[in-house]
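These notes concern the structure reproduced below.
The values are calculated or read from the model by the stated rules, or taken from the named source; none is laboratory data. Here the structure is a predicted model, which is why all the values come from computation and not from measurement. Positions of Cβ are generated from backbone atoms using ideal geometry, with glycine treated the same way; all protein chains shown enter the neighbour counts. The area values use the complete protein model at the heavy-atom level, side chains included, leaving out ligands, DNA and RNA. Shrake-Rupley method; radii C 1.70, N 1.55, O 1.52, S 1.80 Å.
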Amino acid sequence: MSPGSDGTAAAAPGQHVSSNGSRSSHQTTTNGESAFHAEESSSLPSSAAVTPEAATSQTADANLERTTSQILADDEHRALERHLTLFDLVSIGVGGTIGSGIFVLCGLIASEHAGPATCLSWAIAGVAAFLSGFCYAELSGRIPSAGSSYAYAHESMGEFVAFITAACLTLEFLVSGSAVARSWGDKVVEWLNVELNAGPWASRILDPGYNINPLAFVVSTCCTVLILCGVRESKIVTDFFTWTKVLLVLFMAIGGFVLLVPSNLSPFIPPEFGVAGVMRGATTSFFGYLGFDGICCVAGEAKSPNLNLPRSVMITLVLVTVLYIAAAVALTGMQHYTEISPESGFPEAFKAR
């Protein structure tokens, strides 16, 4: 800057000199750039602004991603070996689900609740089971840790909720496991008395009364000992019995379709039961879907758990639902619903034909 004629310094370009010789801080170039940036910022789309709800959702997703990474990283340094493939996981799910649902509940629902519409009851219960299965599939993929719903509650809601969840989970497996063991014991006693004519000693020893079932205790103990032997040993037995049972169910369903009498399926919804009976049958049949969540309990021994656990849950539910519906149609088509035995539906139906 050079001095002006009045003794003041000459103004630089873009500056304004007041009458008293003071310079204004206004700069046209700077203000022009600031205005441009302000206009550019104001022209950004409104979606760029992050709302509190979106920030919370992003934080939750980030936490779950970190949880998945931490679990998979921790599993690399632990003692348990991963032996269970996708096939093994599906075997555990199908084997833990199919059982009394077909061999007992089908006859009970057909004779007391829904008649030929038993298949509809199974389908309605299957929808509810799929809704639950979707939750298990997503959580098992995000939190691939052993413990099933206990682990999911612990990671998302804390220890107290996880404790309550673990208590409910234990009660679920206790009730369902004891019911299946009791049903198996009753079937063995019936088989010994009816088919083998074992005599009165079988009833005195194996069915002493007072709601005591020694065979239920025996089979529960054997299963516990087998599991304690290790996953590698128990999965072979699980695979064998699961797919043997599936083949048996397929044999019964195919045999039922061969012996099907169309008139037995009419009326499809008996008037004495109505829609309310179908819904009661759906409530009862949901018990037959318990067990698929057992897949998530063995996540610690599963290979690629974040991928195989969700797949095995959904494959299990599809297979089980198809088998239940097919078996229900076969049973109600073989024998009129008024004649179906609520205790031994399939054996009595085949015997009658």
- Can you tell me how many residues in the range 296-310 are out of contact with any Pro (no Cβ under 7 Å at 6 or more places or on another chain) and either open to solvent by 50 Å² or more (accessible area, probe 1.4 Å) or small (Gly, Ala, Ser) (or both)? 5
- Please find, within the range 142-159, the residue that is surrounded by the most Cβ atoms within 10 Å (Cβ to Cβ) out of those that are part of a helix (DSSP H, G or I) and under 13 Å from the mean Cα position of the chain (by Cα). Tyr152
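Residues checked against (1) in a loop (DSSP other than H, G, I, E, B); (2) under 26 Å from Arg232 (Cβ atoms); (3) open to solvent by 10 Å² or more (accessible area, probe 1.4 Å):
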{"residue": "Val249", "(1), (2), (3)": "no, no, no"}
{"residue": "Ser263", "(1), (2), (3)": "no, no, yes"}
{"residue": "Pro271", "(1), (2), (3)": "yes, no, yes"}
{"residue": "Thr283", "(1), (2), (3)": "no, no, yes"}
{"residue": "Gly288", "(1), (2), (3)": "no, no, no"}
{"residue": "Ser312", "(1), (2), (3)": "no, yes, no"}
{"residue": "Leu317", "(1), (2), (3)": "no, no, no"}
- Gly255 surrounded by fewer than 17 Cβ atoms within 10 Å (Cβ to Cβ) and at pLDDT 90 or above: yes
- Quick one: is Leu139 modelled with pLDDT of 85 or more, loosely packed, with under 12 Cβ neighbours inside 10 Å and within 30 Å of Leu86 (Cα to Cα)? no
- Task: Identify all residues within the range 319-353 that are in a helix (DSSP H, G or I) and open to solvent by 10 Å² or more (accessible area, probe 1.4 Å); write none if there are none.
- Result: Leu319, Thr321, Val322, Leu323, Ile325, Ala326, Val329, Pro347, Glu348, Phe350, Lys351, Ala352
- Query: Do we find a residue being open to solvent by 20 Å² or more (accessible area, probe 1.4 Å), more than 17 Å from the chain's Cα centre (by Cα) and within 20 Å of Ala302 (Cα to Cα) anywhere in the range 119-128?
  - Reply: no
